[in-house]
Amino acid sequence: MRLFAKLAVMLVALGALGLGLLSLRQQRYEVSNQISKAHNRIVEQERTQWRMRAEVARRVDPADIRGYAERLNLELAPIQPGSTAATATVATPAPKAASRSPARVR
């Protein structure tokens with residue numbers, strides 16, 4: 001009888017370990033699936049962003065930008081070739097009360 005009880009406890013313990021292992025594997029598969037879906041969403045958003053950037057670039061005319069800058073009294077400065085900066089510095093009109101530093105335009 002004592003041997004039967006030990007054997008039953010061992011079988012229950014092994015069964016519990018097996019179920020725990022299966023549960024962990026299932027969770028790992030679910031997390032992996034969620035990561036894959038998130039990655040696919042990111043890739044699709046990047047594609048949409050590049051499409052939108054291309055559309056903006058197609059529609060933007062340098063003459064229009066110069067006109068907007070003149071209307072806003074902005075002084076445009078060219079981006080220096082070979083610079084690592086992604087922004088160009090433009091001078092903004094200073095308010096009458098205080099002077100301001102140049103603004104960064106992207």
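The values are calculated or read from the model by the stated rules, or taken from the named source; none is laboratory data. This structure is a prediction, so every number in the text was calculated from the model and none was measured. Because the Cβ atoms are built from the backbone with ideal geometry, glycine has one as well, and the counts that use them run over all protein chains shown.
Listing for the model above:
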{"item": "Residue satisfying all of: in region 61-95; hydrophobic (A, V, I, L, M, F, W, C) and loosely packed, with under 10 Cβ neighbours inside 10 Å; modelled with the lowest pLDDT among these", "result": "Ala86"}
{"item": "Hits in region 24-76 - residues which are among the charged types (D, E, K, R) and over 22 Å from the mean Cα position of the chain (by Cα)", "result": "Arg25, Arg28, Glu30, Arg58, Arg59, Asp61, Asp64, Arg66, Glu70, Arg71, Glu75"}
